[in-house]
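Remarks on the structure that follows.
The values are calculated or read from the model by the stated rules, or taken from the named source; none is laboratory data. Only a predicted model underlies this, so the values are computations on that prediction, with no experimental measurement involved. No Cβ is skipped: glycine too gets one built from the backbone with ideal geometry, and neighbour counts run over all protein chains shown.
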Amino acid sequence: MSQKHDQGLSREERHALLQSVADLSNPQERYRQLLADGGFMGDERMVYNLQPENTAFVLSNTDLFSSANGVMGLGNIRPLIPLNLDPPSHTKYRTLLNPLFSPGRMAEQRDDFAVRANALIDGFIDQGECNFTEDYAEIFPSSVFLGLLGLAEDKLNLFLGMRDGILHPERIDPEAVGGDEAVKRVRDATAHQIYEYFGELVDRRRVEPTDDIISRFIETEVDGYKLSRDDILDIMFLFVIAGLDTVSDSLTCFYAYLATHPDQQRTLVAVPEIIPSAVEELLRWETPVAIAFPRIATQDVELPGGQHVPKGCPVIVNLGASNLDPTLFDEPYEVRFDRPRNRHIAFGKGVHRCLGSHLARYELAVTLTEWHRRIPEYRLKPGHEDLNYKPGIRHVQDLMLSWPG
């Protein structure tokens, strides 16, 4: 991986870069190799960076690297809130939203999360095996989301369809595999469904408020400002594509690791109070959302690593590589559930740090707690040891687990 500036990337270099990013089966060792080779590649059209000091700089300086309009093309007709906003607009929305997703608020939901987790486990525990991806990981976060919205479980398939239509359009239409027109068609139709469904829900909650999160969005006010209907729709669109998928992906990565590390399983069973720390360490090690959405340089910028980024250039930073930074973590290539002061950036860094991080932590911790209480010993199902990590957000397709009857 070279440090290109004035001259463009060759076809071979660009291909090698894309290959290195797309192969997610063993990212930690790949990050080590890419960092040893410079950890940076770029020209006037794109920058891809793994160097931790550059990543921290890009994520922390919103005046130099803009997030505005960073995620379009998913069927959304407006930027997503608060992801695609820069300060001061971003600050206004985060001030409104942060209290609704505080650790205290999420702790209030823990018992509900546990009930939902156990209901899913009930469905397969007696079989001695499951497709963890399909039977648990893809369902649990959407079930939690229904609870936050005060909706019944019979809406689960609707929400799974919304998620898949945006993030996995090939599940809706097989022609959407590599077909730009088919992808756009599925995403546009799904986006219309998202706006329509949540628009009607917002309208109902204005007339008949409940204790759900939509009603809280409607009622919350800071310095005289309240969220508009479009504001809430743009927030909910982000929730569908972020809140319903990233936790699912994280769970598959966690359990792929745990299924192949029985000593770590036994630690979680014997010392369940270590689970919150284990969640942080597995987030650091696996970093399912390894690539942050691009930031656009607002002016010519010199990075801490010495590289030049021209104005208007998209900059992609790798969070997974930063989570292996030896200046922040002792023995970064070791997984230690008792690691003190785990300063990982799996949820990002700076003002755009993930709004739902506390929700995600509770979902992950509840799953580890309830699963290991009921299924204390498990492994990859024989014949399914070759794991298929799909491109994009890191996740395992069809993670097959089995356990003693």
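May I ask you to say which residue of Pro332, Pro340 is within 18 Å of Glu53 (Cα to Cα) and either part of a strand (DSSP E or B) or not aliphatic (A, V, I, L, M) (or both)? Break it down into steps so the answer makes sense when it comes.
Working: Pro340 fails: within 18 Å of Glu53 (Cα to Cα).
That would be Pro332, the only listed residue that is within 18 Å of Glu53 (Cα to Cα) and either part of a strand (DSSP E or B) or not aliphatic (A, V, I, L, M) (or both).
Taking the criterion of being surrounded by 16 or more Cβ atoms within 10 Å (Cβ to Cβ), touching a strand residue (DSSP E or B) at 6+ places or on another chain (Cβ under 6 Å) and of a type outside the set (A, V, I, L, M), would at least one residue in region 288-295 satisfy it?
For region 288-295, residues surrounded by 16 or more Cβ atoms within 10 Å (Cβ to Cβ), touching a strand residue (DSSP E or B) at 6+ places or on another chain (Cβ under 6 Å) and of a type outside the set (A, V, I, L, M): present.
It is to be established whether one or more residues within region 269-277 are surrounded by 23 or more Cβ atoms within 10 Å (Cβ to Cβ), in contact (Cβ under 8 Å) with a residue 24 or more places away in the chain and either of a type outside the set (Ser, Thr, Tyr) or out of contact with any Lys or Arg (no Cβ under 6 Å at 6 or more places or on another chain) (or both). Step through it out loud before you land on a result.
Filtering region 269-277 down to residues surrounded by 23 or more Cβ atoms within 10 Å (Cβ to Cβ) leaves none.
No: region 269-277 contains no residue that is surrounded by 23 or more Cβ atoms within 10 Å (Cβ to Cβ), in contact (Cβ under 8 Å) with a residue 24 or more places away in the chain and either of a type outside the set (Ser, Thr, Tyr) or out of contact with any Lys or Arg (no Cβ under 6 Å at 6 or more places or on another chain) (or both).
Within region 32-49, does at least one residue satisfy the condition of being under 18 Å from the mean Cα position of the chain (by Cα) and in a loop (DSSP other than H, G, I, E, B)? Even if it seems obvious, please write down each step before you answer.
First, pick out the residues of region 32-49 that are under 18 Å from the mean Cα position of the chain (by Cα): none.
No, region 32-49 contains no residue that is under 18 Å from the mean Cα position of the chain (by Cα) and in a loop (DSSP other than H, G, I, E, B).
Pull up region 47-101, narrow it to residues that are surrounded by fewer than 18 Cβ atoms within 10 Å (Cβ to Cβ) and of a type in the set (A, V, I, L, M), then point me to the one that is farthest from Arg295 (Cα to Cα).
Only one residue fits best here, namely Leu100.
It is to be established whether one or more residues within region 305-322 are under 17 Å from Tyr48 (Cβ atoms), polar (S, T, N, Q) and out of contact with any strand residue (DSSP E or B) (no Cβ under 8 Å at 6 or more places or on another chain).
Applying the first criterion (under 17 Å from Tyr48 (Cβ atoms)) to region 305-322 yields 305-310, 312-322.
Subsequent filtering for residues that are polar (S, T, N, Q) retains 307, 318, 322.
Checking the rest, the ones that are also out of contact with any strand residue (DSSP E or B) (no Cβ under 8 Å at 6 or more places or on another chain) come to 322.
Checked against the condition, which is being under 17 Å from Tyr48 (Cβ atoms), polar (S, T, N, Q) and out of contact with any strand residue (DSSP E or B) (no Cβ under 8 Å at 6 or more places or on another chain), region 305-322 yields at least one hit.
Consider only pairs whose beta carbons are under 8 Å apart and that are at least six residues apart or on different chains; among these, list those whose first residue lies in region 183-212 and is more than 14 Å from Met162 (Cα to Cα) and whose second residue is in a helix (DSSP H, G or I) and of a type in the set (Gly, Ala, Ser).
Short answer, once both residue conditions are applied: Arg205/Ser215; Pro209/Ser215.
What's the number of the only condition in (1) assigned to a helix (DSSP H, G or I); (2) farther than 16 Å from Arg336 by Cβ; (3) at pLDDT 95 or above that Met236 fails to meet?
Every listed condition holds for Met236 apart from (3).
So which of Pro304, Pro326 ends up being closer than 26 Å to Asp263 by Cα and assigned to a loop (DSSP other than H, G, I, E, B)? Can you show your working first?
Working: Pro304 fails: closer than 26 Å to Asp263 by Cα.
Step by step, each of Pro304, Pro326 is checked, and only Pro326 is closer than 26 Å to Asp263 by Cα and assigned to a loop (DSSP other than H, G, I, E, B).
With region 102-221 as the region, which helices (runs of 4 or more DSSP H) entirely inside it contain at least 3 residues that are crowded, with 18+ Cβ neighbours inside 10 Å and out of contact with any Pro (no Cβ under 6 Å at 6 or more places or on another chain)? Spell out the reasoning first.
Values: elements: 103-107, 110-122, 140-149, 156-167, 180-207, 213-219.
Correct list: 110-122, 140-149, 156-167, 180-207, 213-219.
Could you check region 350-405 and list, in sequence order, the residues that are surrounded by fewer than 20 Cβ atoms within 10 Å (Cβ to Cβ), of a type in the set (D, E, K, R) and part of a loop (DSSP other than H, G, I, E, B)?
Within region 350-405, Arg353, Glu377, Lys381, Glu385, Asp386, Asp398 meet the criteria.
Between Arg266, Arg339, which is farther than 22 Å from Val58 by Cα and either buried (at least 17 other Cβ atoms within 10 Å of the Cβ) or polar (S, T, N, Q) (or both)?
Arg339
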